[in-house]
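The values are calculated or read from the model by the stated rules, or taken from the named source; none is laboratory data. What you see is a predicted model, and the numbers here were worked out from it, not measured in a lab. Cβ placement follows ideal geometry from the backbone for every residue including glycine, while neighbour counts extend to all protein chains displayed. Heads up: the accessible areas ignore ligands, DNA and RNA and are worked out on the full protein's heavy atoms, side chains in. Shrake-Rupley method; radii C 1.70, N 1.55, O 1.52, S 1.80 Å.
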Amino acid sequence: MEINNKEQKLISVVIYLHNNEDKIVGFVKNVIEKVDEIFEKFEVIIVNDCSYDRSVGNLKNDKTLSQYTISILNMSIHQGLEISMSAGIDISMGDFVYEFDDLNVDYDFSLIRASYNKIISGFDIVSVSPKAANTFFSRLFYKVFNRYSKSRHKLRSDRFRILSRRAINRAYSISKSVPYRKALYANSGLNLEVIEYIPSGKMVNEKVKGVFRNRMAINALIIYTNLAFNISIGITLALFLFTVLTVFYVCFIYFSGDKPIEGWTTTMLLMSGSFSGIFFILAIIIKYLSLIIELVYSKKTYLVESVERL
């Protein structure tokens, strides 16, 4: 009698796709091969973010993939990584969900099993991360983000992650639209763990992803940290200190032997005080704008064209 040692829980695998015709088929096969060794039931959701190359065609032409439960979620227009992955997660049904948002691989696929073993040991979110970020920009971003973040969890560069259904429900109850998933997961208040590995090689195509990553990084710093507010407060304090020094300087000039030009004293006091007040008001405005942004991001914003099965 053959004994089935595979895990019985339903697993969802969500993969982001945008113009990766040379990698997508091989990547999907590698992931499925490992997932099929571990789990009895699983589904694969490939989020096609409006690819205009042969990525989807290559998937459909590979007949070996038709034996698995694979869905292609086609976005109506190119909407970016975070929004597209949110759409894929929304239609997933698994008890646990793997997120693969990068087809570049510098890790061993055995980490798929390792991450699952870790999450069932008592965690809700497990990330697989290299020991060091690939680029200087990544290191700088995470350093600044963690410095001003409201979360107790420190973010870092990662390759993929696995989430429990509880983590997904908790995170998406906080915000329906997700400008930066990692920050949202870190702010969920659930147990988060990181599995480190030594990269097997240098990641490629970093420059290709750079433009979008930079825009996403700026949005994340504005929404999930107090950086903008702290900068405005810092400028306000600096100008207030300048105002105080100006007052002392004006008084010194006024009571010294050399009389300044008439009106110079009041003009200097007015200018320095006005700039200090302006930036104080800007600090308040920025704080209120951050609250408005949080309300705006409570709505769903993605557009889906269709869902098809391989």
Report task. Search region 55-83 for residues that are on the phi > 0 side of the Ramachandran plot and pair each with any residue that is open to solvent by 10 Å² or more (accessible area, probe 1.4 Å) and part of a helix (DSSP H, G or I) when their beta-carbon atoms are under 9 Å apart and the residues are at least 6 apart or on different chains. Result -> GLY80/PHE212; GLY80/ARG215; GLY80/MET216
Requested in this report: Taking HIS78 as meeting all but one of (1) crowded, with 18+ Cβ neighbours inside 10 Å; (2) within 22 Å of the chain's Cα centre (by Cα), write down the number of the exception.
Outcome: (1)
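Residue-wise test of (1) at pLDDT 75 or above; (2) outside any helix (DSSP H, G or I).
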{"site": "SER173", "(1), (2)": "yes, no"}
{"site": "PRO179", "(1), (2)": "no, yes"}
{"site": "ALA183", "(1), (2)": "yes, no"}
{"site": "ARG215", "(1), (2)": "no, no"}
{"site": "ALA220", "(1), (2)": "no, no"}
{"site": "THR246", "(1), (2)": "no, no"}
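Quick check, is ASN58 more than 16 Å from VAL97 (Cα to Cα), in a loop (DSSP other than H, G, I, E, B) and polar (S, T, N, Q)?
In short, no.
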Query - Filtered residues of region 8-20 (kept if of a type in the set (S, T, N, Q) and either assigned to a strand (DSSP E or B) or crowded, with 19+ Cβ neighbours inside 10 Å (or both)) - result: GLN8, SER12, ASN20
Query - Within region 21-53, tally of residues that are open to solvent by less than 50 Å² (accessible area, probe 1.4 Å), part of a strand (DSSP E or B) and of a type outside the set (A, V, I, L, M) - result: 4
Query - Condition broken by LYS131, with the remaining ones in (1) of a type outside the set (A, V, I, L, M, F, W, C); (2) open to solvent by 20 Å² or more (accessible area, probe 1.4 Å); (3) out of contact with any strand residue (DSSP E or B) (no Cβ under 6 Å at 6 or more places or on another chain) satisfied - result: (3)
